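The block underneath contains the structure these notes are about, expressed in structure tokens.
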Amino acid sequence: MTDTDKTQDRVVIFDTTLRDGEQSPGATMTHAEKLEIAALLDDMGVDIIEAGFPIASEGDFNAVSEIAKNAKTSVICGLARAQLGDIDRCWEAVKHAERPRIHTFIGTSPLHRAIPNLTKDEMAERIEQTVTHARNLCDNVQWSPMDATRTELDYLYRVVEIAIKSGATTINIPDTVGYTAPRESADLIAKLIENVPGADEVIFATHCHNDLGMATANSLAAVEAGARQIECTINGLGERAGNTALEEVVMALKVRNDIMPFRTGIDSTKIMNISRRVATVSGFPVQFNKAIVGKNAFAHESGIHQDGMLKNAETFEIMRPEDVGLTETNIVMGKHSGRAALRSKLEDLGYELGDNQLKDVFVRFKALADRKKEIYEDDLIALMRTATDAEEDRIKLTSMHVICGTEEPNRARMTLDIDGQSHSTEQTGDGPVDASFNCIKALVEHTARLQLYQVHAVTEGTDAQATVSVRMEEDGRIVTGQSADTDTVVASTRAYVHALNRLLVRREKTGSDKREVSYKDVS
Ligand code: KIV
Ligand code: ZN
């Protein structure tokens, strides 16, 4: 199956987790994480991976190039603004792929046209020039009129026609601000297909944002009207309310194939694994009641539901947990479980570990099992979420001691190993977490501002692990840190230290990792 397959019922899945998703503030991934996610996307049958925005930074360029070199079956696409330099840079990165694609775009709505201050004619000329340039470099060119759903219809017809004539092979229609609604989304695609000369020679794509919670519905409506490419992200990751969620459109087309007779090339049993990995590396946890991949999506707690489920699973289940890769067993291990059992269970959960990594996880698993009798799958996932890059960490928590309660002030004593040297301090704070964070601030000089501090109980019971996510920003660099522990204050401290370690790495790489331009910088 190819990305340009025109079989009537085949819908091409274009994943933009690594571009639109990763652009979401705080979701920044490391180079290694991007390569790992790209390999999982390729493996699950994603037709096209939008791997990044090569002009944005050295880091983005290197990630796209490397993903292009490693790709097995997916088309590898890079994003470029409507500028010749952007397009050249994009080509330099994607050209290593067996099947490269250049995706170039320009904002066509009145509000977006005002930014580069181009008249309609000047913009039309720019589109012709840039799409032609892209097509001269690459056979596979996607063009997007950004904010298409707020662009005057007659102008949209005109520019889409120009892009087709200039050599675009896919025309993507973005609902950039999540403004459209299902009927309108369908109408727009139908009108474009009907009225634009050459429309039958290209694939129309739909790219929806979820600001009004309609991204999935809008994407499916577009498909019913003739679009044959859906742009989406894992877990719906993306700026603001995110993008269309891959898992939702794929499962909707599968489960309701009776009324939406379209197929994708996605192996749906790989969904849970990649969802967990994306949640981990992006630092954006999946909400419990999120469709398909939420923790509660297949949980049946009320008595009536459980009774019905025991008699016949179809009573309350429209898809089987195994269809999305959710395995049945839950209680998994205890303190007597060995290393081989841990490796095998982690493999079931989709984590392939090298020997050194396994050694590290096993030590942490044993420490957890000493404190917690029953270890559940969710505990193991939380364990995997904690810093795995520990060996290279410049800051390590050696010990901490916290005094908290009704007597003021709350106090923390802490020793950190910083670049091999031991440093200790004692600080007070507004509660035990605040006191602990004050210790870190006293020991490690930084100006990063804490943007997010989030705590979740992994399982039930008072001995449950807490997973903590923190996100901080320093000088435009946003980093996240996660940790899990049965002690919430320890988990919080480790998450903060994890984020700081990542910040130190980012500081060292400044210039190579910091985004120089955003896709919003139109000039
Ligand atoms: O939402 C949007 O318009 C985009 C474009 C760059 C395609 O992401
Ligand atoms: Zn977008």
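The values are calculated or read from the model by the stated rules, or taken from the named source; none is laboratory data. This one's a predicted model, so the numbers in the text were calculated from it and none came from an experiment. As a convention, Cβ positions derive from the backbone with ideal geometry for all residues, glycine included, and neighbour counts pool all protein chains shown. For the accessible areas, the whole protein counts, side chains as well, though only heavy atoms, and no ligand, DNA or RNA atoms are used. Shrake-Rupley method; radii C 1.70, N 1.55, O 1.52, S 1.80 Å.
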What are the residues in the range 433-447 that are aliphatic (A, V, I, L, M), closer than 15 Å to A499 by Cβ and open to solvent by less than 10 Å² (accessible area, probe 1.4 Å), if any? I440
If you go through the range 435-486, how many residues are in contact with a strand residue (DSSP E or B) (Cβ under 9 Å, 6 or more places away or on another chain) and at positive phi? 0
Only one of P116, P100, P110 is open to solvent by 10 Å² or more (accessible area, probe 1.4 Å), assigned by TED's automatic domain parsing to the domain that holds D211 and away from ligand 1 (no atom under 16 Å from the Cβ). Can you tell me which? P100
Selection within the range 455-479 - in a strand (DSSP E or B) and either open to solvent by 10 Å² or more (accessible area, probe 1.4 Å) or farther than 17 Å from L504 by Cβ (or both): V455, H456, A457, A466, T467, V468, S469, R471, E473, E474, R477, I478
Those residues of the range 166-223 which are within 12 Å of ligand 1 (Cβ to nearest atom), surrounded by fewer than 24 Cβ atoms within 10 Å (Cβ to Cβ) and among the acidic types (D, E) amount to D211
When you check H423 against the structure, is it part of a strand (DSSP E or B), modelled with pLDDT under 85 and open to solvent by 40 Å² or more (accessible area, probe 1.4 Å), yes or no? no
Take I37 and decide whether it is within 18 Å of N140 (Cβ to Cβ) and aliphatic (A, V, I, L, M). no
So, V402, is that one aliphatic (A, V, I, L, M) and in contact with a helix residue (DSSP H, G or I) (Cβ under 6 Å, 6 or more places away or on another chain) or not? yes
Among the residues of the range 342-359, write down those that are in contact with a helix residue (DSSP H, G or I) (Cβ under 9 Å, 6 or more places away or on another chain) and part of a helix (DSSP H, G or I). L342, R343, K345, L346, D348, N356, L358, K359
Looking at A387, is it on the phi < 0 side of the Ramachandran plot, part of a loop (DSSP other than H, G, I, E, B) and modelled with pLDDT under 90? yes
Quick check on the range 37-46. Is at least one of its residues buried (at least 24 other Cβ atoms within 10 Å of the Cβ), away from ligand 2 (no atom under 16 Å from the Cβ) and among the charged types (D, E, K, R)? no
Exactly one of L118, L212, L137 is farther than 28 Å from A68 by Cα, away from ligand 2 (no atom under 16 Å from the Cβ) and not polar (S, T, N, Q), and that one is L118
Tell me whether the range 480-495 contains one or more residues that are part of a helix (DSSP H, G or I), in contact with a helix residue (DSSP H, G or I) (Cβ under 8 Å, 6 or more places away or on another chain) and open to solvent by less than 20 Å² (accessible area, probe 1.4 Å). yes
For the range 18-34, which residues satisfy the criterion of being under 12 Å from R277 (Cα atoms) and either assigned to a helix (DSSP H, G or I) or without any contact (Cβ under 8 Å) to a residue 24 or more places away in the chain (or both)? E33, K34
So, in the range 229-239, of the ones that are near ligand 2 (Cβ under 10 Å from one of its atoms) and either among the hydroxyl-bearing types (S, T, Y) or in a loop (DSSP other than H, G, I, E, B) (or both), which residue ends up nearest to P25 (Cα to Cα)? E239
